[in-house]
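Asker: I'd like to ask you about the structure that follows.
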Amino acid sequence: MFILNFAVNYIAVGALTTVVWILCTNTLDWPAIIFFTSIAVGLIVLFFLSSWGDRVSRMPFRPLSQRESDYVMPMFNDIFSRTNLKTPPVLLMSDDPKPNGMVIGNNTMVLTRGLLAECTPKEVGAVIAHEFGHIINGDSRKKQIGYAINKAGDLTLGVAFGLIMIVSNNGQRILFFPFIVIALVLKVIRSILARIMLFGFYAIDRKSEYNADQFVKELGLEEGLILYLEKLEDNPGFIFNRTHPFNKDRIKMLQRYSVAALH
C-alpha cells in the first residue's frame, strides 16, 4: 500500500508538473519534468517529516498550564527515564473533554483535558506509558510518512491550478486541462484503493495498539491501563473497520501478559 500510495501521488504530481512545464516553455522535456517532479515530491515530503512539519501538526494543541505541568510532568519524566529514548517527546494538551492520549508528528505526545479531569494518576500514567510505547515502536513515524506522501499530491494539485490560471491567459489555453483531469482521476483512484486497503491498515493499527499495551505491561503499569479501558465506551462497529481493538480484548490481552509474566 505504501508503494501504491507513493506511485499514484508521484504520477499525479508528474501530470501537474507536465502542465506547468508545457505552459511555461512550450516544450516537452521528460528528463526535466521527472527531475522537477522528484524535487517537488521530495521537498513536500521532507517538510512534513521535518521539525517545521511538526510545528504545523502541533498547531491545534497548546502547552500545559502550570497546574497541568505540576501534575503530569513527574509521571511523564519517570516513564521517559525508563525508556531507551535519547530525548523526550514534546508534551502538549488538547481541550477535548474525552479522556484520551495520542502521538502526532515525529515526536509529539498529546493528552486531553478530559484525561486529567476524569482519570486517576495511575490511569494517566498508564496512558502516558502507552503513548511512549507508540513512539518507541515507531508507529507515529510510519503514519507521518504516509500523511506526507498524500500531502505532496494534494498541495501540488492546488498550486498547479493557481499556476495554470496565471500562465494560461486566465484559462483560455484549455488544451492543457486534460492533464489536470488526469491528476484528479489519479487522486480519486488512490482514494478508492486506499479505502479498499484501509482494512489492512486498520489491522496494522490494532496490532500497534497491542504492542504499545505490551510496553505498559513491561513497566508494570497494566493495572492503571485496565482501569482506564474499563471507563471507556467502545464505538459501535465491526472489528475489521476499527483502528483500535475492542477495549475488552485489550483488557484480556493485558491480563494474559500478566499471567505470562507470573510463569
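Asker: Which members of segment 52-77 meet the condition of being open to solvent by 60 Å² or more (accessible area, probe 1.4 Å) and free of Cβ contacts under 8 Å to residues at least 12 places away in the same chain?
Answerer: 52, 55, 56, 59, 66, 67, 70, 74, 77
Asker: Quick one: what pairs do we get from segment 13-34, first residue hydrophobic (A, V, I, L, M, F, W, C), second part of a loop (DSSP other than H, G, I, E, B), C-beta under 6 Å, 6+ apart or different chains?
Answerer: Listed pairs, sorted by first residue: 23/168.
Asker: Only one residue in 69, 38 is of a type in the set (Ser, Thr, Tyr), within 28 Å of residue 223 (Cα to Cα) and assigned to a helix (DSSP H, G or I), so which one is that?
Answerer: None of the other options fit; the residue is 69.
Asker: In segment 236-250, what count of residues is obtained for those that are modelled with pLDDT of 70 or more and open to solvent by 100 Å² or more (accessible area, probe 1.4 Å)?
Answerer: 1
Asker: Another question, if that's okay. Would you check which residues across segment 26-51 are at pLDDT below 80 and open to solvent by less than 30 Å² (accessible area, probe 1.4 Å) and list them?
Answerer: Residues satisfying the conditions are 45, 48, 50.
Asker: Could you please let me know if residue 33 is more than 23 Å from residue 219 (Cα to Cα), over 23 Å from the mean Cα position of the chain (by Cα) and among the β-branched types (Val, Ile, Thr)?
Answerer: Spelling it out, residue 33 is indeed more than 23 Å from residue 219 (Cα to Cα), over 23 Å from the mean Cα position of the chain (by Cα) and among the β-branched types (Val, Ile, Thr).
Asker: Look at segment 78-97 and say how many of its residues are open to solvent by less than 40 Å² (accessible area, probe 1.4 Å), of a type in the set (Gly, Ala, Ser) and assigned to a helix (DSSP H, G or I).
Answerer: 0
The values are calculated or read from the model by the stated rules, or taken from the named source; none is laboratory data. If you're wondering where the values come from, they're calculated on a predicted model, not measured in any experiment. A quick note on method: Cβ atoms are made from the backbone with ideal geometry, for glycine too, and the neighbour counts reach across all protein chains shown. To get the accessible areas, we keep the full protein, side chains included, count just its heavy atoms, and leave off ligands, DNA and RNA. Shrake-Rupley method; radii C 1.70, N 1.55, O 1.52, S 1.80 Å.
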